[in-house]
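Quick notes on the structure that follows.
The values are calculated or read from the model by the stated rules, or taken from the named source; none is laboratory data. Keep in mind that this is a model prediction, so the values were computed, not measured. Methodologically, a virtual Cβ is constructed for each residue, glycine included, from the backbone with ideal geometry; neighbour enumeration extends over all protein chains shown.
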Amino acid sequence: MKVTEITFHDACHATLVVEIPETEAFNTAERPHIPRILFKLLPQIASQQCYNDEGHSFRREAQSTEIPHLFEHMIMEIQDQVRRGIGIPFRGETRWNWTVDPRGKFHVTVEYDHEMVALGAIRLAERMINALDSRDIAGLDMNREISRLREVAKLCRRTGAPRRESVPDDNQKEETGTSPVSSIIDADSVADADSVADAD
């Protein structure tokens, strides 16, 4: 799985283009070890809310869902851990339409507080998904990664970087594509979370 484009909007939400080659699995049902290892690595993620057609809990939904949907929840969980669970819950959405886009292309939307923290969370979640898929998680030190992103969040607060103040009401339909774009990042040109979150 690869993030090929990241767009940050003024309304403190980011839209991502995520691509999975047709030769790889799109759904966790084909890779059951991914959610199994994830819930051991990030046990708190199991408590997230997930709105789906079947009304499943996130833990159950994760057993058979699109991998970019799992990725969406990971980005939100990482950001939530950075701010120690304080504040308005983050929201996200994963969409795809393979009658328009190539098969394996997904569009993920996530809310964020600080752009640089969100970028670090996106890159960390991307590394995690690929490490989980290959069962090679030895290089993932989540305590260290979260600590580094907390330092980035501190720097954002000191510099007065804008942050999210509110989210749409649950009864309101979320608007997409109506907010002015503040920045678009070619994902290939951005360093991974190690360099983005390096606040030392």
Filtered residues of region 61-104 (kept if among the polar types (S, T, N, Q) and outside any helix (DSSP H, G or I)): Thr65, Thr94, Asn97, Thr99
Members of region 131-150 found to be part of a helix (DSSP H, G or I), surrounded by 14 or more Cβ atoms within 10 Å (Cβ to Cβ) and either touching a residue at least 40 places away in the same chain (Cβ under 8 Å) or among the charged types (D, E, K, R) (or both), listed by number: Leu132, Asp133, Met142, Glu145, Ile146, Arg148, Leu149, Arg150
Residue within region 97-108 that is among the aromatic types (Phe, Trp, Tyr), within 10 Å of the chain's Cα centre (by Cα) and crowded, with 22+ Cβ neighbours inside 10 Å present: no
Val17, sole failed condition from (1) of a type in the set (A, V, I, L, M); (2) part of a helix (DSSP H, G or I); (3) touching an Asp or Glu at 6+ places or on another chain (Cβ under 8 Å): (2)
Test: residue in region 112-129 that is loosely packed, with under 14 Cβ neighbours inside 10 Å and either modelled with pLDDT of 95 or more or touching a strand residue (DSSP E or B) at 6+ places or on another chain (Cβ under 9 Å) (or both): no
